[in-house]
Amino acid sequence: MPGFFFPHNNMAELNGKEDCKLAEGKIHKKKQKAFGADLKNYLKCMVPHIESGIKTSTSRNVLLSAEEVIQWSHSLEKLLASQSGQGIFREFLKSEFSEENIEFWLACEDYKKTKSDHLHGKAERIYEEFVQSDAIKQINIDYQMREATAKKAQDPTHTSFDEAQKTVYILMERDSYPRFLKSKAYLNLLNQLQTSTSK
């Protein structure tokens, strides 16, 4: 059987290709390991945040007092008047998959303070994000209100979203807010603050 003849320089070329493949394989394995390590570190960093959104909120607000947190239980208005309260309530709504309500409410609050020449752009953004029927963060309002709000948003004034905002506020007040006050998140926070102040 005749043998195969490789000129010397082709053989070196073949060996070079084999070496490249081996090196590529090693690099690929290294990349996988590095990616695995990065992912592991990322998850280690995220776990405390995932375990309790409330802990992260409170660590940022070291000056939060038990008195302030007790005030939140008096009314939704008092809860939303507090920067910390807004953050913690938002985390709670996220856990219930209804954070669009507070986001819309806050967007409306910001909208009311907008200078007249910027109203059009903001109204359009709020309408697209929260009101239109295929909005990403669609709020729970009926068809008539959706239509009325759409008309008001086309020729915006500072009160264009007032009716829709009021509806969403009532929805939060009757539905999410009572659950928030009974939630572990709220009760644990209150408990932590009361025990730390009594020490």
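The values are calculated or read from the model by the stated rules, or taken from the named source; none is laboratory data. Small disclaimer: the values here were computed from a predicted structure and weren't measured. When we count neighbours, we look across all protein chains shown, and the Cβ atoms used for this are built from the backbone with ideal geometry, even at glycine. Only protein heavy atoms, including side chains, enter the accessible area calculation; ligands, DNA and RNA are left aside. Shrake-Rupley method; radii C 1.70, N 1.55, O 1.52, S 1.80 Å.
Summary of values
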{"item": "Pairs with Cβ under 7 Å, 6+ apart, first in the stretch 158-169 and free of Cβ contacts under 8 Å to residues at least 60 places away in the same chain, second small (Gly, Ala, Ser)", "result": "Ser160/Ala123; Ser160/Ala153; Glu163/Ala148"}
{"item": "Residue that is farthest from Leu187 (Cα to Cα), among those in the stretch 64-74 that are open to solvent by 30 Å² or more (accessible area, probe 1.4 Å) and in contact (Cβ under 8 Å) with a residue 40 or more places away in the chain", "result": "Ser65"}
{"item": "Pair list, Cβ < 7 Å and 6+ apart or interchain, from the stretch 80-97 residues that are under 15 Å from Val168 (Cα atoms) to residues that are part of a helix (DSSP H, G or I) and among the aromatic types (Phe, Trp, Tyr)", "result": "Phe89/Phe180"}
{"item": "Test for Ile139: is it under 22 Å from Lys78 (Cα atoms) and of a type in the set (Val, Ile, Thr)", "result": "no"}
{"item": "Scan of the stretch 150-191 for residues that are open to solvent by 60 Å² or more (accessible area, probe 1.4 Å) and within 25 Å of the chain's Cα centre (by Cα), ordered by number", "result": "Lys166, Glu173, Arg174, Asp175, Arg179, Lys182, Lys184, Leu187, Asn188"}
{"item": "In the stretch 109-129, residue least open to solvent (accessible area, probe 1.4 Å) [restricted to those that are under 22 Å from Leu79 (Cα atoms) and out of contact with any Ser or Thr (no Cβ under 9 Å at 6 or more places or on another chain)]", "result": "Glu109"}
{"item": "Among (1) at pLDDT 95 or above; (2) surrounded by fewer than 17 Cβ atoms within 10 Å (Cβ to Cβ), the one test that Glu99 misses", "result": "(2)"}
